[in-house]
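Worksheet: one structure, shown below.
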Amino acid sequence: MKNRCPWAEAELHHHYHDTEWGVPSHDVRHLFEMLILEGAQAGLSWSTILKKRGNYRRAYDDFDAAKVARFDTRRKARLLADPGIVRNRLKVEASVLNARAFLAVREELGSFDRYVWQFVGGRPIQHRFTQSAQIPVSTAESDAMSRDLKTRGFKFVGTTICYAFMQATGMVNDHLVTCPRHAACAKLA
């Protein structure tokens, strides 16, 4: 693909960039997956997480939030011993807590999808950036999402992580306007 966003120039990123990043997602399993993966990425490169994504899907029961919420001490110990994922105790603990909080949001509000999409008014924000330097690392919307998630018991959901989540799930379209995916994602809005 010509004129792909500069962050996705490495071959490892091509498929993710060309088929997933910026595509509006309302699939709750995908939303949960991205919540966990973006938290796992904190302090690391996205390349590290993409390389381990298949291992995460295996280790986290294909991101079934109900199953992850039931992970006990033994299951968390297995995760910490799994070289296929990021073996950080705080991130592993957070993933289980986040699964429980995810289910609590669903129970209280009926839908995690509607809950997270409320922070962008239910429709993707269509940015028209021409340079990577223009893309923010956080916004008022990601600040609000982060604050609310934290009050609900979620961990590893700072504003930068929330903004990356918003980009990954198409809540914001941050493809550069010169990238063919910008127009493609905008049509999906």
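Observations on the model:
- Using a probe of 1.4 angstrom and keeping all protein chains present, the accessible surface of the stretch 43-189 works out to 50 square angstrom per residue.
- Ellipsoid equivalent to the chain - semi-axes via the Cα gyration tensor, in Å: 27, 20, 14
- Of all accessible heavy-atom area on the chain, the percent that carbon and sulfur account for (1.4 Å): 51 percent
- Relative to the Cα centre, the charge distribution of the chain, modelled as +1 at Lys and Arg Cβ and -1 at Asp and Glu Cβ, gives a dipole magnitude of about 480 debye.
- Label positions at ALA183 and ALA104, each projected 7 Å from the Cα along the C-beta direction, are separated by 4.6 nm.
- For ILE125, residues with placed amide H under 5 Å, excluding near neighbours: VAL172, ASN173
- Helices assigned as whole DSSP H runs in the chain whose Cα atoms extend at least 24 Å along their own long axis and whose mean Kyte-Doolittle hydropathy is 0.0 or higher are found at 89-109.
- The stretch 110-189 and the stretch 1-62 have Cα centres lying 14 Å from one another.
- Above-threshold pairs, the threshold being 30 Å between Cα atoms, out of LYS76/LYS187; LYS2/LYS91; LYS2/LYS187; LYS67/LYS150; LYS2/LYS155: LYS76/LYS187; LYS2/LYS91; LYS2/LYS155
- For the pair LYS2 and VAL23, a Förster radius of 30 Å applied to the C-beta separation gives a FRET efficiency near 0.95, rounded to the nearest 0.05.
- Here the scattering of the stretch 76-167 is modelled by Debye summation over its C-alpha atoms, one equal scatterer each and no solvent; at q = 0.16, 0.19 Å⁻¹ the log10 of I(q)/I(0) is -0.76, -0.95.
The values are calculated or read from the model by the stated rules, or taken from the named source; none is laboratory data. These figures come from a predicted structure and were not determined experimentally. Here the Cβ is made from the backbone with ideal geometry for all residues, glycine too, and neighbour counts use every protein chain on show. The protein model used for the area step is the full one, side chains on, heavy atoms only, and it has no ligands, DNA or RNA in it. Shrake-Rupley method; radii C 1.70, N 1.55, O 1.52, S 1.80 Å.
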